[in-house]
Amino acid sequence: MTENLSILGSTGSIGKQSLDVCRKCGYGVKALTAFSSVEEIEKQAREFKPEKVALVDEKAAADLKIKLADTDIKVLGGMDGVCECAEIQSADTVLNSVVGMAGLKPTLTAIYAGKKIALANKETLVAGGQLVMSEAKKHGVEILPVDSEHSAIFQCLQGKPTNKALKKIILTASGGPFFGKTADELRDVTVEKALKHPNWSMGAKITIDSATMMNKGLELIEAVWLFSVKPDDVDIVVHRESIVHSAVEYDDNSVIAQLGLPDMRIPIQYALTYPERFESPVGELSLSQIGKLTFFEPDYETFRCINLCRKAINMGGLYPAAVNSANEQANLMFRQGKIGFLDIADRVEAVLEKTPHYDNYTFEDILEIDKFAREIGG
């Protein structure tokens, strides 16, 4: 069970909710990092009194250093500063909620430092799953999922028999704001509409990924690495109510699911308190009030990103890293108004077709493919 935390990405949605859990559970916070949010991280630092804080943006870090000059908190800048927070000696758990590929290097740093990892950065395993899981095993590091879907799977597997009885994983998807829409109806959709998620409060990048359903493709890849399953053993079902967070099916066709209100503090807390369960900061689920739970097959023709991700993980190597980076670039360009909504999947597919094959890869290879995918996709 966690006692002291380093929280990477503390000013984002997951980071803020993680700090809510820390307040409730009384966990110590030894380090905080963000990209450039000076005012927000200053407030957090004054409340939680960490030993170190880091901002990736060097200018913002310089401003923060002045603002925290009356404290004993060490202020760091750049990715090196984030990595220093990831390996801080006084923290036993690193919660990584950095958005995007930027979360990979701090995850590896935390692994090399022997820290338990509560992982909310899905790109870590999407881009570098083979490398990350190999290094985690080598260093005896436990990786606990924070994503609601992977936390649900992890919880459902707690009662797994000792034999290989797992038949398949069932990932649930909200369907995002455009469930039921056709490609023609989405051709001219605005960023504002794409950011209106029906159930979850998330950052802009992740919310757009939910709208394209790319997030479910990335979660499929992540599940393959986290739970040592084949891509074809992961099913996806649209569940609009976001009450069933995912499920597993065993060889006897029994299906075990994890249910709860759509609030990220539930999986965050479980990752930090595992294997114990504490009183939740979230309300109790009343099935009678919910009334009904519905399930649908995804529209794979309209939301093509899911199968592009499935194809990438089946191809192996650095194809998943390529589709991830291509999506990050296209997602950003859509939010900037430079491309249309449907162009996101087109650009991901174009990059996938042009990516070279790798059997094995290093961290440097991942960075090269990241650069390649952004240049081709941009």
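Anything in the range 10-25 that is of a type in the set (G, A, S) and either farther than 15 Å from R46 by Cα or open to solvent by 30 Å² or more (accessible area, probe 1.4 Å) (or both)? List them, or say none. Even if it seems obvious, please write down each step before you answer.
The first filter runs over the range 10-25 and keeps only residues of a type in the set (G, A, S), leaving 10, 12-13, 15, 18.
Scanning the range 10-25 gives G12, S13, G15, S18.
I'd like to check something: does the range 301-320 contain any residue that is under 19 Å from the mean Cα position of the chain (by Cα), over 27 Å from G180 (Cβ atoms) and not aliphatic (A, V, I, L, M)?
Yes, the conditions are met somewhere in the range 301-320.
Could you list all residues from the range 72-88 that are part of a loop (DSSP other than H, G, I, E, B) and open to solvent by 10 Å² or more (accessible area, probe 1.4 Å)? Show your work before the answer.
Taking the range 72-88 and keeping what is part of a loop (DSSP other than H, G, I, E, B), we get 72-73, 87-88.
Selection gives D72, I73, E87.
Before we move on, is N327 among the polar types (S, T, N, Q) and either surrounded by fewer than 17 Cβ atoms within 10 Å (Cβ to Cβ) or assigned to a loop (DSSP other than H, G, I, E, B) (or both)? Even if it seems obvious, please write down each step before you answer.
Values: among the polar types (S, T, N, Q): yes; either surrounded by fewer than 17 Cβ atoms within 10 Å (Cβ to Cβ) or assigned to a loop (DSSP other than H, G, I, E, B) (or both): no.
Considered against the rule, which asks whether it is among the polar types (S, T, N, Q) and either surrounded by fewer than 17 Cβ atoms within 10 Å (Cβ to Cβ) or assigned to a loop (DSSP other than H, G, I, E, B) (or both), N327 comes out as no.
Among the numbered criteria (1) within 28 Å of A118 (Cα to Cα); (2) modelled with pLDDT of 95 or more; (3) open to solvent by 60 Å² or more (accessible area, probe 1.4 Å); (4) of a type in the set (K, R), which one does R310 miss?
(3)
Going through the range 273-303 one residue at a time, which ones are aromatic (F, W, Y), part of a loop (DSSP other than H, G, I, E, B) and within 30 Å of F341 (Cβ to Cβ)?
Quick first cut of the range 273-303, residues aromatic (F, W, Y) only: 274, 278, 295-296, 300, 303.
Narrowing the set further to residues that are part of a loop (DSSP other than H, G, I, E, B) leaves 274, 278, 295, 300, 303.
Matches in the range 273-303: F295, Y300, F303.
Name the residues in the range 28-49 that are touching a residue at least 40 places away in the same chain (Cβ under 8 Å) and buried (at least 24 other Cβ atoms within 10 Å of the Cβ), would you?
Passing the criteria: A31, L32, T33.
Evaluate the following for R374: is it within 21 Å of A183 (Cα to Cα) and part of a helix (DSSP H, G or I)?
Values: within 21 Å of A183 (Cα to Cα): no; part of a helix (DSSP H, G or I): yes.
Answer is no for this residue.
Filtering the range 341-357 down to residues that are part of a loop (DSSP other than H, G, I, E, B) and over 24 Å from the mean Cα position of the chain (by Cα), which residue is surrounded by the most Cβ atoms within 10 Å (Cβ to Cβ)?
Taking the range 341-357 and keeping what is part of a loop (DSSP other than H, G, I, E, B), we get 341-342, 355-357.
Remaining after also requiring over 24 Å from the mean Cα position of the chain (by Cα): 356-357.
On the way: P356: 11, H357: 9.
My answer is P356.
Look through the range 142-174, keep the residues that are part of a loop (DSSP other than H, G, I, E, B) and either of a type in the set (K, R) or farther than 25 Å from F303 by Cβ (or both), and return whichever of them is most open to solvent (accessible area, probe 1.4 Å). Show your work before the answer.
At the first step, the residues of the range 142-174 found to be part of a loop (DSSP other than H, G, I, E, B) are 142, 146-147, 160-165, 174.
If we keep only those that are either of a type in the set (K, R) or farther than 25 Å from F303 by Cβ (or both) as well, we get 142, 160-165.
Numbers: E142: 85, K160: 73, P161: 56, T162: 149, N163: 89, K164: 185, A165: 11 Å².
Out of the qualifying residues, it is K164.
Among the residues of the range 273-289, write down those that are among the hydrophobic types (A, V, I, L, M, F, W, C), open to solvent by 50 Å² or more (accessible area, probe 1.4 Å) and modelled with pLDDT under 95.
Within the range 273-289, just F278 meets the criteria.
For the range 175-205, which residues satisfy the criterion of being surrounded by fewer than 21 Cβ atoms within 10 Å (Cβ to Cβ) and in a helix (DSSP H, G or I)? If you could, list the steps in order and put the result at the bottom.
Pass one, the range 175-205, residues surrounded by fewer than 21 Cβ atoms within 10 Å (Cβ to Cβ): 177, 179-193, 195-205.
Once the filter is applied, which keeps residues that are surrounded by fewer than 21 Cβ atoms within 10 Å (Cβ to Cβ) and in a helix (DSSP H, G or I), the range 175-205 yields P177, A183, D184, E185, L186, V191, E192, K193, A204, K205.
In the range 99-120, which residue that is of a type in the set (V, I, T) and at pLDDT 95 or above is nearest to A204 (Cα to Cα)? If you could, list the steps in order and put the result at the bottom.
Kept after step one, since they are of a type in the set (V, I, T), are these residues of the range 99-120: 99, 107, 109, 111, 117.
Filter once more, keeping what is at pLDDT 95 or above: 107, 109, 111, 117.
Numbers: T107: 22, T109: 27, I111: 28, I117: 24 Å.
Result: T107.
Take the residues in the range 112-141 that are small (G, A, S) and in a helix (DSSP H, G or I), then tell me which one is most open to solvent (accessible area, probe 1.4 Å). Don't jump to the end; show me each part of the working.
Initially, the range 112-141 is screened for residues small (G, A, S), giving 113-114, 118, 120, 127-129, 134, 136, 140.
From what is left, the residues that are in a helix (DSSP H, G or I) are 127-129, 134, 136.
On the way: A127: 1, G128: 0, G129: 1, S134: 60, A136: 6 Å².
Ranking the qualifying residues of the range 112-141, first place goes to S134.
The values are calculated or read from the model by the stated rules, or taken from the named source; none is laboratory data. If you're wondering where the values come from, they're calculated on a predicted model, not measured in any experiment. As a convention, Cβ positions derive from the backbone with ideal geometry for all residues, glycine included, and neighbour counts pool all protein chains shown. These area figures cover heavy atoms from the full protein model, side chains too; ligands, DNA and RNA do not enter into them. Shrake-Rupley method; radii C 1.70, N 1.55, O 1.52, S 1.80 Å.
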